[in-house]
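The values are calculated or read from the model by the stated rules, or taken from the named source; none is laboratory data. As the structure is a prediction and not an experimental result, all values here were calculated from the model. We place every Cβ from the backbone using ideal geometry, glycine too, and count neighbours over all the protein chains shown. Accessible surface is based on the protein model in full, side chains and every heavy atom, while ligands, DNA and RNA are left aside. Shrake-Rupley method; radii C 1.70, N 1.55, O 1.52, S 1.80 Å.
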Amino acid sequence: MENKELSKTVQELQERLDKLEAKNSRLTMVLFSGEFDKVMAAFIIANGAMAMGKEVTMFVTFWGLDAIKKPTMGTAGKNILEKMVTFMRPKGPANLPTSKMNFGGIGPKLFKYMVGKKNVESLASLIEMGQEFGLRIVACQMSMDVMGIKKEDLIDGVEFGGVALMLGESYASNTTLFI
Amino acid sequence: MENKELSKTVQELQERLDKLEAKNSRLTMVLFSGEFDKVMAAFIIANGAMAMGKEVTMFVTFWGLDAIKKPTMGTAGKNILEKMVTFMRPKGPANLPTSKMNFGGIGPKLFKYMVGKKNVESLASLIEMGQEFGLRIVACQMSMDVMGIKKEDLIDGVEFGGVALMLGESYASNTTLFI
Amino acid sequence: MENKELSKTVQELQERLDKLEAKNSRLTMVLFSGEFDKVMAAFIIANGAMAMGKEVTMFVTFWGLDAIKKPTMGTAGKNILEKMVTFMRPKGPANLPTSKMNFGGIGPKLFKYMVGKKNVESLASLIEMGQEFGLRIVACQMSMDVMGIKKEDLIDGVEFGGVALMLGESYASNTTLFI
């Protein structure tokens, strides 16, 4: 190759490398689970990653949506099945069950107590803090449709999108966690 | 470096970059779970990725195998424990429980109804569609051995392999999801 | 660019590529779950990866800690809640429940029998083997604090760290699995 041509090729390689290295600054998470302990783990990781300077996108789908519901969400404009699902599913971080040792709802209280004693932030604060630090929360449109969850049922600042958005984020990230 | 030597080095770099960038066109999934909702999520992601032009390998292991069983699978040639496991585990997408709100099997029916009403494909169609579009499904040989599942117990078009194959795929992919 | 400058740039590109390619030799796992079957899957993958020459770090958190407890762990120096949690959680690989078909503890025995019959290593051996082959097990300090688990409660050879260590490993790896 000529020197000039070589220079151009090298520049192209630089740009391609820049793009690959940019993945090191991003984290993608899929929050599928809605249990207190798994949601807690997800937001601890998300906040930890942001503290390390990463941009984090959390794609929230299926049961994970329970964690970002407003406790005040209602059933207006929903059909009978959607009303039933709304009624039966937990609403917001304060109402999530734990995946183990739930004991009819005592488990999460116990955990919150133990977590508080060790000065670990509560789940609600972790979510709020996350959003303040720029955590991008994207609710899965398809899951919302299937379960009859409206946009106004979810906490403020949430975006809405589908699997293509999630995969796009994942391919722009070094790490993607399915929780 | 001499210009000639430099040209050669740059070409090598190009090839190495090509290889790293090739990961952007592949997705690896490990389907460990056998619940209707998780399997549904897995195949929605797999089909979504293929629609975006990705090559997808789904390595199916443990309970995930329930999702790719033929509903007609039998117990011939199995020992007593294998027969018991065959009898007790769900066979195929129509028989999977949900991870939450299963209500003794009503949950999946309810979900299927809600999914159908929103024009989301059924799980059986998602699997079929996936295979048509080139989804590579690999059943974990070791799990099959342990649980006494024969090759003919699984749907057609499935390959068989071990953890080395799965890891090989993962290292050729940008994203690997464990579901 | 001058030939000399070009040489320098190419060398820099080589170093950046080396760094990206180094991810191909590392695997990061987050073991969040404590069920026999999921822990088994995690250690089969870890050992498989090491057999392929990968360096593996397993970050063990929440219920996953059950799998690396000494069966002899006690309650000395723990408060009443920590004692309760210590008492109620399984201690070590021989005492983990399965996520399905547990049948009050018969499930794991059944599995161990079936696993043994197919000459698959037992979970305890997989963990031991893993450590012998250089598996780096890091217990999550925050989870230990919250659940009142002391360093001496866990098997020997375990390191201790937080989410930053886990994410650091993940960004040095091509693949990160959350199990």
Q: Would you mind stating whether A:G48 is assigned to a helix (DSSP H, G or I) and surrounded by 24 or more Cβ atoms within 10 Å (Cβ to Cβ)?
A: no
| query | Does A:S7 satisfy the criteria of being assigned to a helix (DSSP H, G or I) and either over 20 Å from C:S173 (Cα atoms) or hydrophobic (A, V, I, L, M, F, W, C) (or both)? | reply | yes
Checked region B:72-97 for anything more than 18 Å from the chain's Cα centre (by Cα), under 25 Å from B:A124 (Cβ atoms), of a type outside the set (A, V, I, L, M, F, W, C) and open to solvent by 40 Å² or more (accessible area, probe 1.4 Å); matches are B:T72, B:T75
Flagged in region B:22-36 as closer than 20 Å to A:S170 by Cβ and either more than 23 Å from the chain's Cα centre (by Cα) or surrounded by 24 or more Cβ atoms within 10 Å (Cβ to Cβ) (or both), in numbering order, are B:L27, B:T28, B:M29, B:V30, B:L31, B:F32, B:S33
Of those in region A:145-164 that are touching a residue at least 60 places away in the same chain (Cβ under 8 Å) and at the interface with chain B (Cβ under 10 Å from one of its Cβ atoms), the residue surrounded by the most Cβ atoms within 10 Å (Cβ to Cβ) is A:M147
Residue check for B:A41: away from chain A (no Cβ under 11 Å) and surrounded by 18 or more Cβ atoms within 10 Å (Cβ to Cβ): no
Going by the conditions given, is A:K69 basic (K, R) and modelled with pLDDT under 95? no
Here the residues within region B:1-21 that are within 30 Å of B:I137 (Cβ to Cβ) and either more than 9 Å from every other protein chain (Cβ to nearest Cβ) or open to solvent by 60 Å² or more (accessible area, probe 1.4 Å) (or both) are B:D18, B:K19
Within region C:120-132, is even one residue within 27 Å of C:L27 (Cα to Cα), open to solvent by 20 Å² or more (accessible area, probe 1.4 Å), touching a residue at least 60 places away in the same chain (Cβ under 8 Å) and in contact with a strand residue (DSSP E or B) (Cβ under 9 Å, 6 or more places away or on another chain)? no
Could you please let me know if A:E132 is at pLDDT 90 or above and away from chain B (no Cβ under 14 Å)?
yes
- State whether one or more residues within region C:98-107 are open to solvent by less than 10 Å² (accessible area, probe 1.4 Å), within 25 Å of C:K151 (Cα to Cα) and in contact (Cβ under 8 Å) with a residue 60 or more places away in the chain. no
Across (1) surrounded by fewer than 17 Cβ atoms within 10 Å (Cβ to Cβ); (2) at pLDDT 85 or above; (3) farther than 30 Å from B:F111 by Cα, A:A172 clears everything bar (1)
Filtering region A:44-64 down to residues that are facing chain C (nearest Cβ under 8 Å) and under 13 Å from the mean Cα position of the chain (by Cα) yields A:I44, A:I45, A:A49
Quick count over region B:55-71, residues being surrounded by 21 or more Cβ atoms within 10 Å (Cβ to Cβ) and either acidic (D, E) or part of a loop (DSSP other than H, G, I, E, B) (or both), is 2
Residue pairs qualifying under the 6 Å Cβ cut-off, at least six apart or on distinct chains, with the first in region A:72-91 being more than 11 Å from every other protein chain (Cβ to nearest Cβ) and the second being open to solvent by 60 Å² or more (accessible area, probe 1.4 Å) and assigned to a loop (DSSP other than H, G, I, E, B), are A:K91/A:P71
